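Just dropping this structure here.
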Amino acid sequence: MGLLTEVGRIGLKIMFHYRFDLKYTYDHFDPKTKSPYLLLGNHATQHDPLIVGMVIKRYPYPVANSFLYTNPIFKWLLTHVVTSISKRKGQSDMQTIRLILDAIHKQKRPVMLFPEGNASYFGEQTKTDYVPTAKLVKKLNVDVVIAKINGGYLAHPRWGFYRKKGHFHTHFYTLISKESLPSLSVEQIEGQLKDAIAFNDFKWNASKQFRYRLKGRADGIEHYLYYCPKCKHTQTLKGQDADIHCSHCGKIASFDETSQLNGPYPSLVEWGSDQKKIFPKRLNEAIQTEGQLYQVDVIQQKKKDLGYQQVILENQKLKIKTDPVITFDVDKIQGEVITRKHNLSFDYGEQTYNFLLKDPMIILNAITYIKEN
């Protein structure tokens, strides 16, 4: 391990232990092992790869979102401090698989992968196809280790700020041994992965009752919640302190100290699911938002700033009010996903775009609905 890597690891430990109440437990897994293995985890926060990897002696190569490499700071960290494997979210990448195979079989390094590909939006696992990961497990033929995170989402929700000293528990255990792999089918591995990755932080803390201290507990929730169940309007919500307000209805929900939701839904999980049902009616009118637009060169790992623009979704087309107007046919959009906090990214033809939007979730859900229906 290089000096720069070790210094970086120490820095991460100091920073994250200051921010969170970190707890690590182990079952049939030695964090000091020198053998290669595949480390899989549920994706509770955007910090998961760092928090999980920093306690393992021979750190596993993380599979990282290719958009991170367009940021000079992240690019330097992922190429100088740690060795990483680039992956475009939402899309299969044969080059990524080759790099994983090389790391495990030639370099004898463990590899860390989060099958969901995206940190949780509302506190539970993201709907994911585990078949590609199951096939990768068969191909690699090494132990499969799980890093199961509980409390991570509540400690640092995707849309908000970290909770001072929020409880963040990571439990490592061997899910599948190398010796048992030959007797398991891809379907059986898929089932085991699906069960191992599943989580719901709201249900988990309903019994644990850990407190997550932060004054601005609901700040930023409007990036992801767009539907008011009282007045049935969209894009009227705003988080303020511990409360969720609607510009028409006033205060409609609040979080308590354990981050449990007091309001029209038991938790954000149900709210996030229910708001998707509005689109058959909502798409009769244009959906409008605004934000910073970037054109991304994934190969050169650079991005071009196209300015702050108005974004309109109507008649199955996404329009960007540049001069001239840029128009995307929704059914030709591919790989749509929210990256970081509120960046909507997708591919269109040979070009990749990234939008830093005020409310990206309603655009993402609308695009998905149109494509599926």
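In the set HIS233, HIS223, which member is in contact with a Phe, Trp or Tyr (Cβ under 6 Å, 6 or more places away or on another chain) and either under 18 Å from VAL269 (Cβ atoms) or not small (Gly, Ala, Ser) (or both)? Break it down stepwise before answering.
Numbers: HIS233 fails: in contact with a Phe, Trp or Tyr (Cβ under 6 Å, 6 or more places away or on another chain).
Being in contact with a Phe, Trp or Tyr (Cβ under 6 Å, 6 or more places away or on another chain) and either under 18 Å from VAL269 (Cβ atoms) or not small (Gly, Ala, Ser) (or both) holds for just one of HIS233, HIS223, which is HIS223.
Would you check which residues across region 43-82 are under 15 Å from the mean Cα position of the chain (by Cα), at pLDDT 65 or above, part of a helix (DSSP H, G or I) and among the hydrophobic types (A, V, I, L, M, F, W, C) and list them?
Within region 43-82, the first condition is being under 15 Å from the mean Cα position of the chain (by Cα), and the residues that meet it are 43-52, 62-68.
So of that shortlist, the ones also at pLDDT 65 or above come out as 43-52, 62-66.
With part of a helix (DSSP H, G or I) added as a condition, the list becomes 48-52, 66.
LEU50, ILE51, VAL52, listed by residue number.
Still on this model: Identify all residues within region 150-163 that are surrounded by fewer than 24 Cβ atoms within 10 Å (Cβ to Cβ) and not in a loop (DSSP other than H, G, I, E, B); write none if there are none.
Across region 150-163, the qualifying residue is only ASN150.
Give all pairs with beta carbons closer than 7 Å in which a residue from region 184-204 that is of a type in the set (Lys, Arg) meets a residue that is surrounded by 15 or more Cβ atoms within 10 Å (Cβ to Cβ) and not in a helix (DSSP H, G or I); count only pairs at least 6 apart in sequence or on separate chains.
LYS194/TYR130
Hey, could you check region 176-216 for residues that are of a type in the set (Ser, Thr, Tyr) and surrounded by fewer than 17 Cβ atoms within 10 Å (Cβ to Cβ) and say which is farthest from PHE114 (Cα to Cα)?
Within region 176-216, the first condition is being of a type in the set (Ser, Thr, Tyr), and the residues that meet it are 177, 180, 183, 185, 207, 212.
After this cut, where a residue has to be surrounded by fewer than 17 Cβ atoms within 10 Å (Cβ to Cβ) as well, the list is 177, 180, 183, 185, 207.
Working: SER177: 19, SER180: 22, SER183: 24, SER185: 21, SER207: 26 Å.
That would be SER207.
Here's another thing I want to ask about it. Among the residues of region 299-331 satisfying the criterion of being closer than 30 Å to ILE85 by Cβ and of a type in the set (A, V, I, L, M), which is nearest to the chain's Cα centre (by Cα)? Break it down into steps so the answer makes sense when it comes.
Step one: of region 299-331, the residues closer than 30 Å to ILE85 by Cβ are 299-306, 328.
Remaining after also requiring of a type in the set (A, V, I, L, M): 299, 306.
On the way: ILE299: 22, LEU306: 25 Å.
Ranking the candidates gives ILE299 first.
If we scan region 336-359, do we find a residue that is assigned to a helix (DSSP H, G or I), touching a helix residue (DSSP H, G or I) at 6+ places or on another chain (Cβ under 7 Å) and not hydroxyl-bearing (Ser, Thr, Tyr)? Step through it out loud before you land on a result.
At the first step, the residues of region 336-359 found to be assigned to a helix (DSSP H, G or I) are none.
No; the residues of region 336-359 include none that is assigned to a helix (DSSP H, G or I), touching a helix residue (DSSP H, G or I) at 6+ places or on another chain (Cβ under 7 Å) and not hydroxyl-bearing (Ser, Thr, Tyr).
Another question about this same structure. Yes or no: region 164-183 includes at least one residue that is more than 30 Å from ASP143 (Cα to Cα) and either of a type in the set (A, V, I, L, M) or in a loop (DSSP other than H, G, I, E, B) (or both). Even if it seems obvious, please write down each step before you answer.
Residues of region 164-183 that are more than 30 Å from ASP143 (Cα to Cα), as a first pass: 164-166.
Checking which are either of a type in the set (A, V, I, L, M) or in a loop (DSSP other than H, G, I, E, B) (or both) leaves us with 165.
Checked region 164-183: at least one residue is more than 30 Å from ASP143 (Cα to Cα) and either of a type in the set (A, V, I, L, M) or in a loop (DSSP other than H, G, I, E, B) (or both).
Still on this model: Just to confirm my filter: which helices (runs of 4 or more DSSP H) fall fully inside region 199-314 and include at least 1 residues that are closer than 16 Å to TYR121 by Cα and assigned by TED's automatic domain parsing to the domain that holds GLY123?
Details: elements: 201-208, 268-274, 279-282.
Filter on region 199-314 gives 201-208.
In a loop (DSSP other than H, G, I, E, B), without any contact (Cβ under 8 Å) to a residue 12 or more places away in the chain and surrounded by fewer than 18 Cβ atoms within 10 Å (Cβ to Cβ): is that true of ASP102 in this structure? Break it down stepwise before answering.
On the way: in a loop (DSSP other than H, G, I, E, B): no; without any contact (Cβ under 8 Å) to a residue 12 or more places away in the chain: yes; surrounded by fewer than 18 Cβ atoms within 10 Å (Cβ to Cβ): yes.
No, not satisfied.
The values are calculated or read from the model by the stated rules, or taken from the named source; none is laboratory data. All values derive from a computational prediction rather than experimental measurement. Every residue, glycine among them, receives a Cβ derived from its backbone with ideal geometry; neighbour counts consider all protein chains shown.
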